[in-house]
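As structure tokens, the structure follows; a few thoughts come after it.
The values are calculated or read from the model by the stated rules, or taken from the named source; none is laboratory data. Since the model is a prediction, treat every value here as computed from it, not as a measurement. Note: ideal-geometry Cβ built from the backbone for every residue, glycine included; neighbour counts use all protein chains shown. Quick note on the areas: whole protein, heavy atoms, side chains included, nothing else; ligands and nucleic acids left out. Shrake-Rupley method; radii C 1.70, N 1.55, O 1.52, S 1.80 Å.
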Amino acid sequence: MTRPEDIGAAVGLLAVDPGLGCRLRGPAGPMRDAILQALRQALPAGTAWRKLPAGATDDRLLGGLDLAATLAAGRPVAERGLLAQADGGVLQIAMAERLDEAVAARLGAALDWGEVATERDGFSSRTPCRLGVVALDEGIDEAPPGALLDRLAFELPGDGAGGRIEAPDAAAVASARARLAGVVVSEDSVTALVGAAMQLGVASLRAPLLAVRVARGAAALAGRDAVAQADLELAARLVLAPRATRVPIDAEPPAEPETPEAPPDQAERDARALQSESPLADRVLAAARAVLPADLLAAIAGGAAVWGKTGGNSGVRLRAARRGRPIGVRAGAPKGGARLNLLATLRAAAPWQKLRGAVPGRIAVRRDDFRIRRFRQQTRSTTIFVVDASGSAAVQRLAEAKGAVELLLAECYIRRDRVALLSVRGRGAELLLPPTPSLTRAKKCLAALPGGGGTPLAAGLAAALALAAHVRQEGQTPLAVFLTDGRANIALDGTPGRPGAEADALSVAASWRKAGFAGLVIDTSARPHPFARKLAEATACRYLPLPQADAGALRAAVQGAVQGAVRRA
Amino acid sequence: MKQALLIAAADPSIGGVLVFGDRGTGKSTAIRALAALLPPMQIVAGCPYNCDPAAHFAHCVAGCPARAGGATPAAVSVPVPVVDLPLGATEDRVVGALDLERALTAGERAFEPGLLARANRGFLYIDEANLLEDFLVDLLLDVAASGENVVEREGISVRHPARFVLVGSGNPEEGELRPQLLDRFGLSVEVTTPQDIPTRVEVVRRRDAYDRDPASFGARYAAGDSAIRERIFAARAALKTITVSDDMLTEAATLCQTLGTDGLRGELTLIRAARALAALEGRAEVTSMALRSVAPSALRHRLRRDPLDEAGSSVRVERALMELYPV
């Protein structure tokens, strides 16, 4: 966890080198305000501070045609976007966890190249854009796009009691900025940071790069001309520790492991060798290790990446569903909610200005010139796989069920569907994979799916129902595929017992039917199980016992179910 | 990746390079560095479409000074364009559109060339190709395949040459590319993060040096750059003289058959890439080694897809190579 004194240091570093960027995690609170306030005070007077509103369009972000000015002047007038306006200063992103991946990619390009290139609305420009991103991340089960997080140096806690943050004042920042370029980073220092990043399992090379920048900034703030050990330790604590995906291996293993482990890979051996011969690297790593996130172990055990997620982002899709993706313009009047595309309209009107006898400075636009934007609603569907991986199913034919899912995944690939994976085992259901377009990930997830435990079928159904509702809210068509042997034995409240479990499952199934979602129940037991069939009837899903499920039959069943789903949606 | 880019530089007809890899592996950096490595080219002075003065002007568009003058046009030497297609680019800037300013102020109907014109005879780079709007991707592929950009909009009708090497990059975790799109690219490479400490240290050190002093950093590598430039130049000249024996053609065909690639594009690209590699290495004929060395990037994305075996397609090519060339 970040130390209180490190927060002040991070604020100072941001003021010296805003391009480092920072992610502020947690709901709005005194701490977040205090950090933002401290940063504002530390930055030189007159530094730009722009806010990126949630759901900002490309027009705002990159700039484009200034409508009002264009109409007033009678010639195209360009407008600078937020990125260009924030040059040299800070761009604050509200609700970063809902940031569109496309916006993140634009921000990433600006951060990487220090300039923003626009080719929009008839304008072509390259403007300098050296900005620092402060991402306010209030996500609980959502996270900002990985492409952005990869480029932000710090992760600071936004929640907490707040209080005064001890950050350097503007004068100290100014002198540090002057010193920054001259600070020397020795070869050993770079090696130590890279080695520590390896040991912590940080894959991206941007992390050690940012760490070097931070170390240099820290040295500059301290008035040094070369990076010292304290600077490296600070960099490791602030940049590397929050990104850790594994707990570093000790140079000396404490005891003989009981079970023979796989030999460490080359990278780890390298890192270990480096650790033992370089005390500097050791100390840097120790610094990072001291502040590893408390939930790191739990997260690793759960198989989740701590730093960022790579899946989709619901806010965007929600918006997309409301208005669709713009796919060009066509002639037509802006009626019935259609939106006028002014630029295209002006373009259409332009060639006729002389003929129409327009007075210079005024543009004669006729009805025929109107151009409206066309949108396409997303009609893709999301297939939710609910895999019963309980002990009974595992004994039966979990492997075959996995095979069936792979077959269905291939089907999804052809339709460019998104897929989600829920596993049902033990005490409840677990969302192994939130809806994603990456089938490769789905397959990896499936292959790693463990078996064993009870069959909380009702919980699985309930989770699938919630997810399906969420998917529909996003404007997509949900389709569920239940793979179960029908031997439900855990009720919704987690108590064991067959009758209670079956009753609960049927009552959730009734809600499923009421919601009208399409689905497919694949019976994975050796002989068709009556309850699986009953479940299919209760959910109004197609029933398919796996014994007959050869490739062709499965494919046909899925196609049938999908068509049903599309009809109903 | 470097090999694929050099091959595309030596033989632009190879049909584009697709680069897929994790975050922070330097995909964009490598592609942008390409501009410095390319030998300069001759263009007609002032031509917005980078016309070749040695070529026949008949196909050049009105507005090109070469065509207007009638006399021998002045030629200038310019660096080969490596045009960046920024995210959020609009269609009118990509294909070109009516020059709004001139239309509104002077009442003239003039064509303002877009990025495709600027990229003619050079490279067009799309970062995050998987995030680009589908209709723009279709448009680019269509132009890249035909070598000509046809604009019919807003009362203007223009067709101009647009021959460029399409280079796309992306991160597979952020969504896959449509399968139709994949095999339009000639070569496809996968980039991974280096996993050994010395390489990683070197990367960080160089990047840091560049950030602090770009000018002296560039100077330090200038000699290496110009050596590569010479190599590309020589390879282009040698390309036509390189012979491909029937044995090599048979080997390429056998390899493609073993892998079950669709169509003949695989063989063609394989042979072309091997020829370009031979040219780059200064050989007189295509060898089995060259063929083997380019096979993964030329064929990886053309296998009949087992969609779930995305990571495995490189392995499949390797396996087929092992079968054909037992060590």
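On the stretch given as region B:82-121, residues that are over 28 Å from the mean Cα position of the chain (by Cα) and in a helix (DSSP H, G or I) total 7. For region A:450-467, what are the residues that are among the hydrophobic types (A, V, I, L, M, F, W, C) and either buried (at least 20 other Cβ atoms within 10 Å of the Cβ) or modelled with pLDDT under 75 (or both)? Hits for region A:450-467 are A:Leu457, A:Ala458, A:Ala459, A:Leu461, A:Ala462, A:Ala463, A:Ala464, A:Leu465, A:Leu467.
Any residue at all in region B:215-230 that's within 23 Å of the chain's Cα centre (by Cα), modelled with pLDDT of 80 or more, closer than 23 Å to B:Val137 by Cβ and not polar (S, T, N, Q)? Checking region B:215-230: not a single residue is within 23 Å of the chain's Cα centre (by Cα), modelled with pLDDT of 80 or more, closer than 23 Å to B:Val137 by Cβ and not polar (S, T, N, Q).
Taking the criterion of being small (Gly, Ala, Ser), out of contact with any Lys or Arg (no Cβ under 8 Å at 6 or more places or on another chain) and open to solvent by 40 Å² or more (accessible area, probe 1.4 Å), the residues of region A:47-72 that qualify are A:Ala68, A:Ala72. Enumerate the pairs (first residue in region B:194-205 and facing chain A (nearest Cβ under 7 Å) and open to solvent by 30 Å² or more (accessible area, probe 1.4 Å); second residue anywhere and of a type in the set (Val, Ile, Thr) and in a helix (DSSP H, G or I)) with beta-carbon separation below 8 Å, excluding pairs fewer than 6 apart on the same chain, so at least 6 apart or on different chains. Pairs that qualify, where the first residue is facing chain A (nearest Cβ under 7 Å) and open to solvent by 30 Å² or more (accessible area, probe 1.4 Å) and the partner is of a type in the set (Val, Ile, Thr) and in a helix (DSSP H, G or I), are B:Arg205/A:Val190. If only residues of region A:427-436 that are open to solvent by 10 Å² or more (accessible area, probe 1.4 Å) and at pLDDT 75 or above are counted, the one that is farthest from the other protein chains (Cβ to nearest Cβ) is A:Gly428. Condition first: in a strand (DSSP E or B) and within 14 Å of another protein chain (Cβ to nearest Cβ). Now tell me which residues in region B:122-157 satisfy that. Scanning region B:122-157 gives B:Leu124, B:Tyr125, B:Ile126, B:Val151, B:Glu152, B:Arg153, B:Ile156, B:Ser157. Of the helices (runs of 4 or more DSSP H) lying entirely inside region A:68-167, the ones with 2 or more residues being facing chain B (nearest Cβ under 10 Å) are found at A:101-113, A:146-149.
Would you mind stating whether A:Leu180 is open to solvent by less than 40 Å² (accessible area, probe 1.4 Å), away from every other protein chain (no Cβ under 14 Å) and aliphatic (A, V, I, L, M)? Step through it out loud before you land on a result.
Details: open to solvent by less than 40 Å² (accessible area, probe 1.4 Å): yes; away from every other protein chain (no Cβ under 14 Å): no; aliphatic (A, V, I, L, M): yes.
Answer is no for this residue.
The single condition among (1) open to solvent by 50 Å² or more (accessible area, probe 1.4 Å); (2) in contact with a Lys or Arg (Cβ under 8 Å, 6 or more places away or on another chain) that A:Pro499 does not satisfy is (2). Contact map, region A:201-215: first residue at positive phi, second residue charged (D, E, K, R), Cβ cut-off under 9 Å, separation 6 or more or different chains; pairs are A:Gly201/A:Arg243; A:Gly201/A:Arg246.
Restricting to region A:183-210, what's the tally of residues that are open to solvent by 10 Å² or more (accessible area, probe 1.4 Å), touching an Asp or Glu at 6+ places or on another chain (Cβ under 8 Å) and not assigned by TED's automatic domain parsing to the domain that holds A:Glu233? Residues flagged as open to solvent by 10 Å² or more (accessible area, probe 1.4 Å), touching an Asp or Glu at 6+ places or on another chain (Cβ under 8 Å) and not assigned by TED's automatic domain parsing to the domain that holds A:Glu233 within region A:183-210 amount to 2. Within region B:138-169, the set of residues being crowded, with 18+ Cβ neighbours inside 10 Å and in contact with a His (Cβ under 9 Å, 6 or more places away or on another chain) comprises B:Asn149, B:Val151, B:His160, B:Pro161.
Give the residue, chosen from A:Ala394, A:Ala344, that is at pLDDT below 75 and in a helix (DSSP H, G or I). Outline the logic, then answer.
Details: A:Ala344 fails: at pLDDT below 75.
Step by step, each of A:Ala394, A:Ala344 is checked, and only A:Ala394 is at pLDDT below 75 and in a helix (DSSP H, G or I).
Apart from one condition, B:Arg184 fits all of (1) out of contact with any helix residue (DSSP H, G or I) (no Cβ under 9 Å at 6 or more places or on another chain); (2) at pLDDT below 80; the exception is (1).
Go through A:Asp121, A:Asp100 for me and flag whichever is open to solvent by 10 Å² or more (accessible area, probe 1.4 Å) and out of contact with any Asp or Glu (no Cβ under 9 Å at 6 or more places or on another chain). Give the steps one after another, and end with the answer.
Values: A:Asp121 fails: out of contact with any Asp or Glu (no Cβ under 9 Å at 6 or more places or on another chain).
Exactly one residue qualifies, and that residue is A:Asp100.
Checking the structure you have, find out if any residue of region A:218-225 is of a type outside the set (Gly, Ala, Ser), part of a loop (DSSP other than H, G, I, E, B) and crowded, with 24+ Cβ neighbours inside 10 Å. Spell out the reasoning first.
Restricting attention to region A:218-225, the residues satisfying the condition of being of a type outside the set (Gly, Ala, Ser) are A:221, A:224-225.
Now narrow it down to the ones that are part of a loop (DSSP other than H, G, I, E, B): A:224-225.
Now narrow it down to the ones that are crowded, with 24+ Cβ neighbours inside 10 Å: none.
Within region A:218-225, none of the residues are of a type outside the set (Gly, Ala, Ser), part of a loop (DSSP other than H, G, I, E, B) and crowded, with 24+ Cβ neighbours inside 10 Å.
Is it true that some residue in region B:126-137 is open to solvent by 50 Å² or more (accessible area, probe 1.4 Å) and farther than 27 Å from B:Arg23 by Cα? No: region B:126-137 contains no residue that is open to solvent by 50 Å² or more (accessible area, probe 1.4 Å) and farther than 27 Å from B:Arg23 by Cα. Screening the candidates A:Val424, A:Val419, A:Val405, A:Val481 for the property of being modelled with pLDDT of 80 or more and within 14 Å of chain B (Cβ to nearest Cβ) yields one hit, A:Val419.
Scanning for something of a type in the set (Lys, Arg) and not assigned by TED's automatic domain parsing to the domain that holds A:Ala28, does region A:104-125 turn up at least one residue? Within region A:104-125, not a single residue is of a type in the set (Lys, Arg) and not assigned by TED's automatic domain parsing to the domain that holds A:Ala28.
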